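First up is the structure itself, then whatever we jot down about it.
The values are calculated or read from the model by the stated rules, or taken from the named source; none is laboratory data. Everything quoted here is computed from the prediction, not taken from an experiment. Cβ: placed from backbone, ideal geometry, glycine included. Neighbour counts: every protein chain shown.
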Amino acid sequence: MSADQRLSDHERALYSRQMRLPGVGEAGQLRLREAKVLLLGAGGLGSPVGLYLAAAGVGLIGIADPDKVEISNLHRQIVHGFDTLGLPKTVSAAEALGEINPGLKVALHPEGFTVENAAELVARYDLIIDGTDNFATRFLAADACVLGRRPLVHGSVLRATGQVGVFLPGAGCYRCLYPVIPDAASVPTCADAGVFGATCGVIGSWMASEAIALLLGQRNQSRLFVVDVEAGTSRRLGLAPDPACPCCGASATIRSLEKSAYTPVVCPTLSPAMSETPLEISVEEASRLLAGPNPPVLVDVRETDEYAVCRIEGSRLIPMNTVPTRLAEIPADAWVLVQCHHGGRSMRVTQFLRSKGFARVSNLQGGIDAWSLKVDPKVPRY
């Protein structure tokens, strides 16, 4: 075995605790050292992902982000600091990762991840990690990974909720869940709705764990996790290829990356009914509507055990992970109000239903917990 195929004494000392884990050892650590990972976004999610990959001994990390560090970033984007305000995020992040692991190789892509460079960048790396904050880039990354046959780890956060997705070639992709890029105005951003900084740490750390497991050959199926930090819950959802998926399905229509398909503006296919239906409504407004002459259909997407604890009268239970296979039970011509515990899972189901063409869907803000606090205190809290 040549010297470059062995760990140095320094590396053995540095990674000694990690190498004790089953499935790692010296062979696994060498595998991490040879790995090339592309990190899309050096923000709230990219920060913990990058730090933990660097600390784990990944050999090369590419960072694609066109933004500069702003003061509003610092409460959650922990790879940056006050001394890097105004610097390109790629430069700031590279400095921080280098302090964690001086032997790390970093490739900077300050132009970001674009239609023009997506295919080339995907081909250069073993794994793509998407921590971006806009749908256009998320879908571009997902499609580029399908076309380039690269695994993708995806993460997103909103308020105190988040999700982590692992998408392997041939085992289901992002568009199997969300076939159509949503209207940019139909989903609140962190700037509009806020984000709990520590949620980025939770989701980013989870993304890093999945990425390391992938690089070690410990993942063989696509999967999706939904996390509610406020409720202290996480759920794993099954993910299978959708035969009708426009990107990885048998009759896929996405065969190349076209710039017009990823323009981050309001989607022109948004129906008038959808544009007139609020994305979220308060529990007070929901109470008034449900008591009215034409009440919306209330769909509860919590789990069966949660539903047994408490429920809003008249709600229909369709747990979140069963929604894709039970769309026929949701009336397409009625106003649908989606509800969960605190509003995180239901917001994602609302987005999913809108992407499937359900024109009148709204999220119940704050979920059944807010309902108990503000509308009906007889409903138990948990």
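Determine if the range 229-248 includes at least one residue that is under 27 Å from CYS340 (Cα atoms), modelled with pLDDT of 90 or more and charged (D, E, K, R).
Within the range 229-248, not a single residue is under 27 Å from CYS340 (Cα atoms), modelled with pLDDT of 90 or more and charged (D, E, K, R).
Select from the range 318-342 the residues that are at pLDDT below 90 and in a loop (DSSP other than H, G, I, E, B) and write down the one among them that is surrounded by the fewest Cβ atoms within 10 Å (Cβ to Cβ).
ASP333
Taking the residues in the range 132-159 that are of a type in the set (D, E, K, R) and more than 11 Å from PHE113 (Cα to Cα) as candidates, determine which candidate is surrounded by the most Cβ atoms within 10 Å (Cβ to Cβ). Show your work before the answer.
Step one: list which residues in the range 132-159 are of a type in the set (D, E, K, R), which gives 133, 138, 143, 149-150, 159.
With the extra rule that they be more than 11 Å from PHE113 (Cα to Cα), the set shrinks to 133, 143, 149-150, 159.
Numbers: ASP133: 19, ASP143: 29, ARG149: 11, ARG150: 21, ARG159: 19.
Once the filter is applied, the top-ranked residue is ASP143.
Test of understanding: among SER47, SER72, which residue is surrounded by fewer than 24 Cβ atoms within 10 Å (Cβ to Cβ), among the hydroxyl-bearing types (Ser, Thr, Tyr), assigned by TED's automatic domain parsing to the domain that holds GLY131 and out of contact with any strand residue (DSSP E or B) (no Cβ under 6 Å at 6 or more places or on another chain)?
After applying the criteria, what remains is SER72.
Has the range 105-127 got at least one residue that is under 16 Å from CYS200 (Cβ atoms) and out of contact with any strand residue (DSSP E or B) (no Cβ under 6 Å at 6 or more places or on another chain)? First the steps, then the outcome.
Residues of the range 105-127 that are under 16 Å from CYS200 (Cβ atoms), as a first pass: none.
Looking through the range 105-127, none of the residues is under 16 Å from CYS200 (Cβ atoms) and out of contact with any strand residue (DSSP E or B) (no Cβ under 6 Å at 6 or more places or on another chain).
Please go through the range 1-42 and pick out each residue that is surrounded by 10 or more Cβ atoms within 10 Å (Cβ to Cβ), farther than 20 Å from ALA213 by Cβ and among the hydroxyl-bearing types (Ser, Thr, Tyr).
Residue satisfying the conditions is SER8 alone.
Considering the range 266-304 alone, what residues qualify as being at pLDDT 90 or above, part of a loop (DSSP other than H, G, I, E, B) and surrounded by 15 or more Cβ atoms within 10 Å (Cβ to Cβ)?
Of everything in the range 266-304, those that are at pLDDT 90 or above, part of a loop (DSSP other than H, G, I, E, B) and surrounded by 15 or more Cβ atoms within 10 Å (Cβ to Cβ) turn out to be SER282, PRO295, PRO296, VAL301, ARG302, GLU303.
Identify, by number, the condition in (1) assigned to a strand (DSSP E or B); (2) under 23 Å from GLU258 (Cβ atoms); (3) more than 19 Å from the chain's Cα centre (by Cα) that HIS154 doesn't meet.
Failing condition for HIS154: (3).
Name the residue, out of TYR174, TYR125, that is of a type in the set (Ser, Thr, Tyr) and either over 14 Å from the mean Cα position of the chain (by Cα) or not assigned by TED's automatic domain parsing to the domain that holds ASP67 (or both).
Working: TYR174 fails: either over 14 Å from the mean Cα position of the chain (by Cα) or not assigned by TED's automatic domain parsing to the domain that holds ASP67 (or both).
Of the residues listed, the single one that is of a type in the set (Ser, Thr, Tyr) and either over 14 Å from the mean Cα position of the chain (by Cα) or not assigned by TED's automatic domain parsing to the domain that holds ASP67 (or both) is TYR125.
Can you tell me which residue within the range 165-224, out of those that are part of a loop (DSSP other than H, G, I, E, B), among the polar types (S, T, N, Q) and closer than 22 Å to GLY343 by Cβ, is modelled with the lowest pLDDT? Even if it seems obvious, please write down each step before you answer.
Of the range 165-224, the ones part of a loop (DSSP other than H, G, I, E, B) are 168-173, 178-189, 194, 196, 216-222.
From what's left, among the polar types (S, T, N, Q): 186, 189, 218, 220-222.
Checking the rest, the ones that are also closer than 22 Å to GLY343 by Cβ come to 186, 189.
On the way: SER186: 54, THR189: 60.
Selected residue: SER186.
Show the residue pairs meeting these rules: Cβ distance below 6 Å; 6+ apart or different chains; first residue within the range 6-28 and over 14 Å from VAL58 (Cα atoms); second residue hydrophobic (A, V, I, L, M, F, W, C) and part of a loop (DSSP other than H, G, I, E, B).
The qualifying pairs are GLY23/LEU216.
Is there any pair with a first residue in the range 103-132 that is on the phi > 0 side of the Ramachandran plot and a second that is surrounded by fewer than 16 Cβ atoms within 10 Å (Cβ to Cβ) and not in a strand (DSSP E or B) whose Cβ atoms are under 7 Å apart and which are 6 or more apart or on different chains, and what are they?
GLY112/PRO66
Would you confirm whether or not the range 109-117 contains a residue that is in contact with a Cys (Cβ under 9 Å, 6 or more places away or on another chain) and either surrounded by 14 or more Cβ atoms within 10 Å (Cβ to Cβ) or outside the structural domain of ILE212 (by TED's automatic domain parsing) (or both)?
Of the residues in the range 109-117, the ones in contact with a Cys (Cβ under 9 Å, 6 or more places away or on another chain) are none.
Looking through the range 109-117, none of the residues is in contact with a Cys (Cβ under 9 Å, 6 or more places away or on another chain) and either surrounded by 14 or more Cβ atoms within 10 Å (Cβ to Cβ) or outside the structural domain of ILE212 (by TED's automatic domain parsing) (or both).
So, in the range 3-18, of the ones that are within 10 Å of LEU30 (Cβ to Cβ) and assigned to a helix (DSSP H, G or I), which residue ends up modelled with the highest pLDDT? Even if it seems obvious, please write down each step before you answer.
Step one: filter the range 3-18 for residues within 10 Å of LEU30 (Cβ to Cβ), giving 4-7, 11.
Then drop every residue that is not assigned to a helix (DSSP H, G or I), which leaves 4-5, 11.
Details: ASP4: 67, GLN5: 81, GLU11: 95.
Among those that are within 10 Å of LEU30 (Cβ to Cβ) and assigned to a helix (DSSP H, G or I), it is GLU11.
Which one of ARG235, ARG219 is within 17 Å of the chain's Cα centre (by Cα) and of a type outside the set (Phe, Trp, Tyr)?
Just a single option satisfies the conditions, and that option is ARG235.
Scanning the range 299-309 for residues that are of a type outside the set (D, E, K, R) and in contact with a Lys or Arg (Cβ under 7 Å, 6 or more places away or on another chain), which turns out nearest to ARG381 (Cα to Cα)?
If we take residues in the range 299-309 being of a type outside the set (D, E, K, R) and in contact with a Lys or Arg (Cβ under 7 Å, 6 or more places away or on another chain), then VAL301 is nearest to ARG381 (Cα to Cα).
Could you tell me whether PHE358 is farther than 21 Å from SER287 by Cβ and over 20 Å from the mean Cα position of the chain (by Cα)?
Values: farther than 21 Å from SER287 by Cβ: yes; over 20 Å from the mean Cα position of the chain (by Cα): yes.
Yes.
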